[in-house]
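The values are calculated or read from the model by the stated rules, or taken from the named source; none is laboratory data. Computed from a prediction, not measured in an experiment: that's the story for all the values here. Neighbour counts are summed over all protein chains in view; Cβ atoms, including those assigned to glycine, are modelled from backbone coordinates with ideal geometry.
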Amino acid sequence: MIDYNAARASLIKKLGLEISDKRVLAAMSRLPREKFVPPESWPMAYEDRPLPIGCGQTISQPYIIALMTAALKLTENDRVLELGTGSGYQTAILAELARQVVSVERLPPLAESARKVIDSLGYKNIEIHIAGEALGWPPGAPYDAIMVTAGAPSLPAELLAQLAWGGRMIIPVGTRYMQELYKVTKNKSRNKLENLGGCRFVSLIGKNAWDS
């Protein structure tokens, strides 16, 4: 029988060697990752690697999740937009750290599955929407932070428009097969870009992104 608590503690200890943000590590230590993956993946829930969640999508590697979340530097008053609900695991981590999370998913089966897990865990500060034609969720803008969990061919102006002044966006940019992870801080004079390193995500689908 798998001791999930011990496996989770071991993973968090490993992540702590590279991720210094204690709030992010504490949030991840509270979340049962096994609940966000299919039963056949439960034995691998706390391995530091991506896992399939159905519909051709994956739950990201815990290190990448921790890196991206830490880079956002969230406060308890922040409103966050997430593109790509997926399993809902990243969504829940954001909800542990921010006031509200608005998450958008283009695949209804994944949105429904994520919503069930999130509801079962008692989160009240998460909204999950099915993606429309526009990238993101313009009705809720502006957001203090935006997390994009899919690779885009370029920085979408449509998402930058939904970011508040001084807001931060984490987004993978590159080809369909390999991207660079960028942190964008929106400034009135000139946006600040930081390269956080190479990564590989599924494609961001929609207007001003990939067609399909």
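Considering only the range 92-104, I want to know if a residue exists there that is more than 13 Å from the chain's Cα centre (by Cα) and not small (Gly, Ala, Ser).
yes
For ILE146, which of the numbered conditions (1) closer than 27 Å to PRO32 by Cβ; (2) out of contact with any Leu (no Cβ under 6 Å at 6 or more places or on another chain) fails to hold?
Every condition holds for ILE146 apart from (2).
Could you tell me how many of the residues in the range 54-85 are touching a residue at least 60 places away in the same chain (Cβ under 8 Å) and either closer than 22 Å to ARG176 by Cα or in contact with a His (Cβ under 9 Å, 6 or more places away or on another chain) (or both)?
10
Give just the number: which of (1) part of a helix (DSSP H, G or I); (2) buried (at least 19 other Cβ atoms within 10 Å of the Cβ) does LYS35 not satisfy?
Result: LYS35 passes all but (2).
Got a number for residues in the range 9-25 being free of Cβ contacts under 8 Å to residues at least 40 places away in the same chain, more than 11 Å from PRO62 (Cα to Cα) and assigned to a helix (DSSP H, G or I)?
4
Being of a type in the set (Val, Ile, Thr), surrounded by fewer than 23 Cβ atoms within 10 Å (Cβ to Cβ) and assigned to a helix (DSSP H, G or I) is the filter here, so list the residues in the range 66-92 that pass it.
Of the range 66-92, the ones of a type in the set (Val, Ile, Thr) are 69, 75, 80, 85, 91.
Next cut, surrounded by fewer than 23 Cβ atoms within 10 Å (Cβ to Cβ) only: 75.
The answer is none; no residue qualifies.
Among (1) at pLDDT below 95; (2) of a type in the set (A, V, I, L, M); (3) closer than 20 Å to THR69 by Cβ, where does ALA134 come up short?
Failing condition for ALA134: (3).
Scan the range 168-210 for residues that are on the phi < 0 side of the Ramachandran plot and of a type in the set (S, T, N, Q) and jot them down.
Answer for the range 168-210, where residues must be on the phi < 0 side of the Ramachandran plot and of a type in the set (S, T, N, Q): THR175, GLN179, THR185, ASN187, SER189, ASN191, ASN195, SER203.
Sort through LYS183, LYS116, LYS188, LYS192 and tell me the only one that's surrounded by fewer than 16 Cβ atoms within 10 Å (Cβ to Cβ) and under 24 Å from ARG23 (Cβ atoms).
Within the list LYS183, LYS116, LYS188, LYS192, the selection yields LYS192.
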